[in-house]
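One structure below.
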Amino acid sequence: MSQGQQPHGDGDERHSTLINNSNAVRAVTSAVEGTLGPKGLDVMLVGPRGEVVITNDGVTILDKMDVTHPAARLLIQVARAQQEKIGDGTTTATVLAGALVQEGVAQIVRGVPASKVVEGMRQGVEMALAFLSDRIRVIHGLDDPLLERTAFVAGRERRDMVDLVMQAAGKVGVDRLRDPSYSLADSIIALEKAENEVFEGILLRQRPLNTRQQQEYTDAKVLVLLDSLEPDELDEEVLTTEAGFSRYMDLRKVFASDLTRLADMSVKLILLEKGIHPDAEQFCLDHGIMVVPRVSRTDLQRVCEMTGATPVRRTALHKESEQLVPFLGYTAKAVYDETLERVRLHGGEHVVTIIVGASTSEVVGEAARIACDAASALQAAVVGGVLPGGGTSELAVSYELERHREVQKGMEAFGIEAVSTALRRPMSQILLNAGYNPLEKMEEVRAAQISLGTDSMGIDCDTGAVISYEDKGIVDPALVKLHGLRAAGEVAAAVLRIHHVIKMKETGSFDE
């Protein structure tokens, strides 16, 4: 029997691993695609102890899902990579990756070699990225109306969250937002029973050691210690000898002298990465020094950036005053907020904290996720511009790819076709979630795009009419789309190239 007359059963067996992986990817994609668009719904996540999270945030859904299939876990990496790099667009990136896998599998099953499909998809993704880059609208400052609309769309039209983010962006400034090392979303803190607020400074997540002491200091010197505040240690064996005990007492005297030096230098705030010795705790209480122990390394770094402090180890306390002064920071005001049970550090140029409050932990958690999406989208738009949202740009690019596929020589054309078809999935899913027939409405959109010569035409999800998304301010950060498509293409290629899944033996096992 010739190869061309091979029974279907053999073909199914040959592609069994590929189809199995595709089904797993499809299962994960289906969990988040219903959340896309303004008419998308929420997902309820239920934990092993009955805890509940209700959200339509893609990365939250995927991160908390109980997923064991290796191919499905690869897809989840798309969302995590998107979240870490951009902070928004995780659902769209996941849907795109799922669509690329599905379309790629369809081409391979019909007889196109996997290597040709993968190479064609690589070419198609690169062309699509170039086409999208050519369509970017640049943001001209924080007053650009498209910037506020970008945050509004990403913030799921929550005006209160968007106002917070826009206010914070105004205090931070464009230059700070364009700094690759800065993340506006990291400035967001969710607190139960708090009021929404933006203030210039840092809100520490830890309480001070003694909340009954003086609660406010102005023009305060700050010491940041990447250590515990306690005497230098000795081995227990050493303490059993007379000489060792004498050495221990000497160290206690040195420690007492170090504490006295800090008080003489008018240090009013000490932040510790670790704990504190009881003697030091009492000394600081007696001398009016606020101590905040067990502060995270991230918060310590933020404090150092704001106050100008240099983090030091415990041994630095042995230095003379004039040697220790350059390591100290400064804050205009340090105050313990009894309502929030947090320490506020005021002052510092272009440093803000966004407080998101609500009545319950579930509500405040979701509000914070919305604010983070809005903040990430705003920052990405400032850095890389915007594109019409709702899948309109991807639809226009898909037809442009289709024209290139028609003149492409070789079987790689089938991979380009897979990318072209997959790019239509975001708009198709948004329309489906809104209750419309995707095929009918996408044809209306495409006709409008051609007749008007613009990629911004889309469907009003309330009325079903064709409208200009750019005129209505329905835009997405360009970086969200570009990074999402690139990451989706990489994961799809990895899944499509898997021929077998083999379980590895446990580490340390051996053959007899």
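The values are calculated or read from the model by the stated rules, or taken from the named source; none is laboratory data. Predicted, not measured: the structure shown is a model, and the values here were computed from it. Cβ coordinates were reconstructed from backbone atoms using ideal geometry, including for glycine residues, and neighbour counts include every protein chain displayed.
Of all the listed residues (V295, V343), the sole one being among the β-branched types (V, I, T), part of a loop (DSSP other than H, G, I, E, B), crowded, with 19+ Cβ neighbours inside 10 Å and in contact (Cβ under 8 Å) with a residue 12 or more places away in the chain is V295. Limited to the stretch 404-429, what total is found for residues that are in contact with a Pro (Cβ under 8 Å, 6 or more places away or on another chain), assigned to a helix (DSSP H, G or I) and hydrophobic (A, V, I, L, M, F, W, C)? So the count comes out to 1. Could you please tell me which pairs satisfy a Cβ distance under 7 Å, a separation of 6+ or placement on different chains, a first residue in the stretch 271-291 that is closer than 13 Å to F255 by Cβ, and a second residue that is acidic (D, E)? Correct list of pairs: I276/E230; H277/E230; A280/E230.
Considering only residues in the stretch 66-94 that are outside any helix (DSSP H, G or I) and surrounded by 16 or more Cβ atoms within 10 Å (Cβ to Cβ), the one that is nearest to the chain's Cα centre (by Cα) turns out to be G87.
Yes/no per residue for (1) of a type outside the set (V, I, T); (2) surrounded by fewer than 24 Cβ atoms within 10 Å (Cβ to Cβ); (3) farther than 23 Å from T150 by Cα; (4) under 33 Å from the mean Cα position of the chain (by Cα):
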| position | (1), (2), (3), (4) |
| --- | --- |
| Q408 | yes, yes, yes, no |
| L432 | yes, yes, no, yes |
| M457 | yes, no, no, yes |
| G464 | yes, yes, no, yes |
| D476 | yes, no, no, yes |
| H483 | yes, yes, no, yes |
| A492 | yes, no, yes, yes |
| V495 | no, no, yes, yes |
| V501 | no, yes, yes, yes |
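Scanning the stretch 358-381 for residues that are closer than 30 Å to A263 by Cβ, out of contact with any His (no Cβ under 7 Å at 6 or more places or on another chain) and not in a loop (DSSP other than H, G, I, E, B) turns up nothing. Scan the stretch 484-500 and give yes if some residue there is touching a residue at least 12 places away in the same chain (Cβ under 8 Å) and more than 28 Å from K85 (Cβ to Cβ), otherwise no. Among the residues of the stretch 484-500, at least one is touching a residue at least 12 places away in the same chain (Cβ under 8 Å) and more than 28 Å from K85 (Cβ to Cβ), which makes the answer yes.
With the structure loaded, tell me whether G348 is crowded, with 17+ Cβ neighbours inside 10 Å, at positive phi and at pLDDT below 90 or whether it fails that test.
Here the answer is yes, as G348 does meet what is asked.
The residues on offer are N196, N210, and the sole one that is over 17 Å from V352 (Cα atoms), polar (S, T, N, Q) and surrounded by fewer than 21 Cβ atoms within 10 Å (Cβ to Cβ) is N210. Among the residues of the stretch 311-332, those that are under 31 Å from the mean Cα position of the chain (by Cα) and of a type outside the set (A, V, I, L, M, F, W, C) comprise P311, G329, Y330, T331.
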